[in-house]
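The values are calculated or read from the model by the stated rules, or taken from the named source; none is laboratory data. This structure is a prediction, so every number in the text was calculated from the model and none was measured. Note that each Cβ is placed from the backbone with ideal geometry, even for glycine, and that neighbours are counted across all protein chains shown.
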Amino acid sequence: MSEELLQEETQTMADFEEHFDDANPWNLITSYKENKTVLPVKVEGIVNGGAIAMVEGIRGFIPASRLSLSYIEDLESYLLKDIEVRVIEADQAENRLILSAREILKEKERKERDEKIASVKIGSVLTGTVETLQNYGAFIRLPDNLSGLVHVSQISQKRIKAPKDVLKVGDEVNVKVIGIKDGKISLSMKALEEVKEEPEEKVEIPKAGNIGTSLGDLFKDIKL
């Protein structure tokens, strides 16, 4: 066999193997897993503990805990629903394909929160609700489903030992945004309190009519 024919046959075999690899859906699925590819799928069935969706003709299982960010009371509500998933486990030998929507939903939620926080301006005054109380401060639920912390030192101009001494869960409060760092919002209630000035001492000046001008008035209290 000539060298040219040998090279041609080798190339043909390589092309065949490459085509064979591409035709194997598990190879595609493995690449999806490695690249964390977002895959649009339709929920085609509901089974015990989760849902079924097809990827490249392979049946994939989505655990109920990975369908949503919160507990799903009725899995049947997801039947025929279009969702986005990632491959988190792929084992051709075991014919095992596990999918998840949770990570994608978390990323979207984080992005939306970052955008909302970016719209909050330092110095703005907001109305919120006391969500939880800790020894170090109070967490306030703000508009747009955001949350911020009023440190115990920022609750009042008066010194308090613990937030629970002056606040309770559910209280509606006005707060001022005093800082935003690493996605955390710092708030102050103290900054909105009016500074109470000390009352000025009143000095009564006698009326002109009551001031004597005669020598008798001036020297009446002097004893010689």
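Observations on the structure shown:
- Any hit, segment 11-31, residues being among the β-branched types (Val, Ile, Thr) and at pLDDT 90 or above: yes
- All of (1) under 20 Å from Lys108 (Cα atoms); (2) of a type in the set (A, V, I, L, M, F, W, C); (3) surrounded by 16 or more Cβ atoms within 10 Å (Cβ to Cβ) hold for Val38 with one exception: (3).
To keep it simple, each residue is scored yes or no on (1) loosely packed, with under 15 Cβ neighbours inside 10 Å; (2) at pLDDT below 90; (3) of a type in the set (Phe, Trp, Tyr).
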site	(1), (2), (3)
Leu105	no, no, no
His151	no, no, no
Gln154	no, no, no
Val169	yes, no, no
Glu198	yes, yes, no
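- Boolean, Leu69 is among the hydrophobic types (A, V, I, L, M, F, W, C), in the same structural domain as Ser186 (by TED's automatic domain parsing) and under 30 Å from Val177 (Cβ atoms): no
- The one condition in (1) touching a Gly at 6+ places or on another chain (Cβ under 8 Å); (2) not in a strand (DSSP E or B) that Val150 fails to fulfil: (2)
- Each residue in segment 66-90 was checked for being surrounded by 12 or more Cβ atoms within 10 Å (Cβ to Cβ), in contact with a strand residue (DSSP E or B) (Cβ under 8 Å, 6 or more places away or on another chain) and not aliphatic (A, V, I, L, M), and 6 pass.
- Residue within segment 67-90 that is under 18 Å from the mean Cα position of the chain (by Cα), modelled with pLDDT of 95 or more and among the aliphatic types (A, V, I, L, M) present: no
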